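Reading through the structure tokens given below for one structure.
The values are calculated or read from the model by the stated rules, or taken from the named source; none is laboratory data. These numbers were taken from a predicted model, which means no experiment stands behind them. When we count neighbours, we look across all protein chains shown, and the Cβ atoms used for this are built from the backbone with ideal geometry, even at glycine.
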Amino acid sequence: MTPARIAIAVFVALLAAGPLYLPPFYVTLVNYIGLYSLVALGLVLLTGIAGLTSFGQAAFVGVGAYATAVASVSFGLSPWLGLPVGLALTAAVAVILGGLTLRLSGHYLALGTIAWGISLSYVFGNVEGLGGFNGISNIPPLPLFGAAIQTAQDFYYLIWACVLLALAALVNLLNSRPGRAIRALRNAAMAESFGVNTAWLKLVVFVYAALLAGLAGWLHAHYLRFVNPGPFGVGYSIEYLFMVVVGGAAHVWGAIVGAGLITALKTWLQDILPKLFGSSGQFEVIVFGVLIILLLQHAGGGIMARVVRLFPPKRAAAIAPEAAPGLPRRAAPARGEAILEVDKAYKAFGGLVAVNGVSFEVRAGEIMGLIGPNGAGKSTMFNLITGALPLGGGEVRFRGERIDRLAARQIVRRGIARTFQHVQLRPTMTVLENAAIGATLRGRSGVAPATLRLDRAEERAILFEAARHLRRAGLGDHLYEAAGSLALGQQRIVEIARALAADPVLLLLDEPAAGLRYQEKQALAALLRALREEGMSILLVEHDMDFVMGLVDRLVVMDFGERIAGGAPEAVQADPRVIEAYLGAAS
Ligand code: ADP
Ligand code: MG
């Protein structure tokens, strides 16, 4: 057993035996920690992993709690029915609020969540039938075979069963096709270019986190047997964020560690400070604030980040299988067919015309070079072809179809995959997981099957495919390393493998050889030749002229946004305009 597994086993054993040795006060405390952990788990996903800050999670706890309170007290429904009712209402509210606020980014998103967090807590206090600031009391316990789940001990087991199940579900989700897409959300342009609908996925993540809060609300209502607006205000939302940041926002266990630590700290301070300073002042608030600041300053990445650094996991979460059935492949075009036609493409950034009426075509099974000095507009051209930027004028057709009005994720679906000049990998994900993002569109399992681990056959196929391309590109020994730990040149190769995992017909490579050593360049050239042999078309931007000239079938040369030459490498090399603009200057 690995140290991590031993630690988890000890934790679960201590937890299971808790009520046998814990005094009643501590059973209650651990119950609260469990309730907070559920909310914090949602925040790990939403904030720590997807990068969306929410100051409104406590409000969702309130929606779940009030829904079941009203259902069971006012409508006399079974408390068990209060759970689906509460979750449905939470999801509905989350879809509306998420739809309104998730378009915002950064600070604006945070401010938006504060706004509706405050509004919802006013709703709890002021809507008729919710009992005003006194709330709703006499909420029934949970009936069970003639008895009831009602004591702190009963709830202890129920709450922690929910926490551990939610944790396992989240671990499953994160190590899956949709999970990798979620982990790529902080880099939305890259995710979109491999087929992820980031706006939709953000909403899904938001609702997922809200549902965990709603579940906590349901438990809260039947455990305490009354609800009032107090615990659902923005102040509590901030505390949930603290828990996650202190525990480790990027790690599922960070939720439990943070909830445990903050709750214990608060309780302990409330207990000890009046003894030190007398009972008059509310010193615990101040001391708590100072401690939080210290924790935030010294626990970069949270406690779990430190734990993981001290005890790095021996085995990556996603392992490539020895063998797996192949993923479906795209039908290849006939060799020589003009698959990409760029027709008078135009793009201006304000007054700067970056691409000015450039036309060229790429045929199936050829390597086409796109060269030109820095700032010539080559990367912009890539962005126009792949839909990362909207075209300002002209047309782009791929296999006969106009693609210049399509979104990036629709274009990759048609078989164009790219690498980025400025490497766009998720540095903390493994090399294998990064490459697997490329295969996103070749799988179909969504969040629900991934959570329940019903996606394993497809997952094996995806990981096998990602590993196959990585091995072929010479990175077979690095599959389980964090992508960010590789040399920059190798990271570019990971990007190529990721693009290949999308099963493209046309591969767009933006300076793939930059940062590579001589042997590595040779290996890359061999790989590109082999791909061409197999019928792949490649559009290649590269500054290393020896590399380009030895490889390409044809060239297009750009300068100041315009096409200045094109044709066979020998002819282009001899072209006086090219020599003046580029080759002469380079030598
Ligand atoms: P290349 O890849 O050939 O070096 P680029 O396509 O990156 O050139 O850039 C072409 C020109 O467009 C440069 O002057 C660059 O500063 C400008 N440019 C590129 N992207 C943007 C952008 N998003 N906003 C404004 N200007 C841009
Ligand atoms: Mg460039």
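Residues that are charged (D, E, K, R) number at least 1 in the following strands (runs of 3 or more DSSP E) confined to the stretch 343-432: 352-363, 393-398, 416-418.
Quick check on GLY489: is it within 16 Å of ligand 2 (Cβ to nearest atom), at pLDDT below 95 and within 30 Å of the chain's Cα centre (by Cα)? Against the criterion (within 16 Å of ligand 2 (Cβ to nearest atom), at pLDDT below 95 and within 30 Å of the chain's Cα centre (by Cα)), GLY489 does not qualify.
Do we have any residue at all in the stretch 395-410 that's within 13 Å of ligand 1 (Cβ to nearest atom), assigned by TED's automatic domain parsing to the domain that holds HIS543, surrounded by fewer than 20 Cβ atoms within 10 Å (Cβ to Cβ) and within 31 Å of the chain's Cα centre (by Cα)? Looking for residues that are within 13 Å of ligand 1 (Cβ to nearest atom), assigned by TED's automatic domain parsing to the domain that holds HIS543, surrounded by fewer than 20 Cβ atoms within 10 Å (Cβ to Cβ) and within 31 Å of the chain's Cα centre (by Cα), one finds none in the stretch 395-410, hence no. Of all the residues in the stretch 532-556, those that are within 16 Å of ligand 1 (Cβ to nearest atom) and among the charged types (D, E, K, R) number 2.
The rows are residues; the columns are (1) over 30 Å from ALA467 (Cα atoms); (2) within 16 Å of ligand 2 (Cβ to nearest atom); (3) not charged (D, E, K, R).
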position: ILE385; (1), (2), (3): no, yes, yes
position: GLY392; (1), (2), (3): yes, no, yes
position: ASP404; (1), (2), (3): yes, no, no
position: THR428; (1), (2), (3): no, no, yes
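Any residue in the stretch 353-368 that is farther than 25 Å from ALA250 by Cα and in contact with a His (Cβ under 9 Å, 6 or more places away or on another chain)? For the stretch 353-368, residues farther than 25 Å from ALA250 by Cα and in contact with a His (Cβ under 9 Å, 6 or more places away or on another chain): absent.
Here the stretch 309-359 is the region considered, the condition is being at positive phi and within 16 Å of ligand 1 (Cβ to nearest atom), and the residue that is surrounded by the fewest Cβ atoms within 10 Å (Cβ to Cβ) is GLY350.
This table checks each residue for (1) surrounded by fewer than 15 Cβ atoms within 10 Å (Cβ to Cβ); (2) touching a Ser or Thr at 6+ places or on another chain (Cβ under 7 Å); (3) at pLDDT 90 or above.
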residue	(1), (2), (3)
GLY82	no, yes, yes
GLY112	no, yes, no
VAL127	yes, no, no
LEU142	no, no, no
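Taken over the stretch 440-453, the criterion of being surrounded by 14 or more Cβ atoms within 10 Å (Cβ to Cβ) and not small (Gly, Ala, Ser) is satisfied by THR440, LEU441, ARG442, VAL447, PRO449, THR451, ARG453.
Filtering the stretch 531-571 to residues that are under 23 Å from TYR346 (Cβ atoms), aliphatic (A, V, I, L, M) and touching a helix residue (DSSP H, G or I) at 6+ places or on another chain (Cβ under 8 Å) leaves LEU539, LEU540, VAL541, LEU555, VAL557, MET558, ILE564, ALA565. Every condition in (1) surrounded by 19 or more Cβ atoms within 10 Å (Cβ to Cβ); (2) within 16 Å of ligand 1 (Cβ to nearest atom); (3) at pLDDT 95 or above is met by ALA376 except one, and the failing one is (3). Checking the structure you have, find out if any residue of the stretch 264-285 is at pLDDT 90 or above, surrounded by 13 or more Cβ atoms within 10 Å (Cβ to Cβ), part of a helix (DSSP H, G or I) and not polar (S, T, N, Q). Looking through the stretch 264-285, at least one residue is at pLDDT 90 or above, surrounded by 13 or more Cβ atoms within 10 Å (Cβ to Cβ), part of a helix (DSSP H, G or I) and not polar (S, T, N, Q). The single condition among (1) touching a Gly at 6+ places or on another chain (Cβ under 7 Å); (2) within 16 Å of ligand 1 (Cβ to nearest atom) that LEU384 does not meet is (1). Of all residues being closer than 22 Å to SER193 by Cα and of a type outside the set (Val, Ile, Thr) in the stretch 364-373, which is nearest to ligand 1 (Cβ to nearest atom)? Just the residue, please. Step by step, filter the stretch 364-373, then rank; the result is LEU370.
Would you point out the residue of the stretch 486-504, among those that are outside any helix (DSSP H, G or I) and surrounded by fewer than 24 Cβ atoms within 10 Å (Cβ to Cβ), that is nearest to ligand 1 (Cβ to nearest atom)?
Filtering the stretch 486-504 down to residues outside any helix (DSSP H, G or I) leaves 486-487, 501-504.
Now drop any that are not surrounded by fewer than 24 Cβ atoms within 10 Å (Cβ to Cβ), which leaves 486-487, 503-504.
Numbers: LEU486: 23, ALA487: 22, ASP503: 26, PRO504: 20 Å.
Only one residue tops the list, namely PRO504.
So for the stretch 361-368 (the condition being in contact with a strand residue (DSSP E or B) (Cβ under 9 Å, 6 or more places away or on another chain), closer than 20 Å to ARG532 by Cα, away from ligand 2 (no atom under 13 Å from the Cβ) and of a type in the set (Val, Ile, Thr)), does at least one residue qualify? Within the stretch 361-368, one or more residues are in contact with a strand residue (DSSP E or B) (Cβ under 9 Å, 6 or more places away or on another chain), closer than 20 Å to ARG532 by Cα, away from ligand 2 (no atom under 13 Å from the Cβ) and of a type in the set (Val, Ile, Thr). Return yes when GLY48 is farther than 17 Å from PHE232 by Cβ and part of a helix (DSSP H, G or I) and no when it is not. Yes.
Determine whether the stretch 507-520 contains at least one residue that is basic (Lys, Arg) and at pLDDT 95 or above. I'd like the intermediate steps shown before the answer.
Filtering the stretch 507-520 down to residues basic (Lys, Arg) leaves 517.
Subset that is at pLDDT 95 or above: none.
Scanning the stretch 507-520 turns up no residue that is basic (Lys, Arg) and at pLDDT 95 or above.
Checking the conditions here, which among ALA525, ALA571, ALA530, ALA513 is touching an Asp or Glu at 6+ places or on another chain (Cβ under 7 Å) and either within 16 Å of ligand 2 (Cβ to nearest atom) or not in a loop (DSSP other than H, G, I, E, B) (or both)?
ALA513
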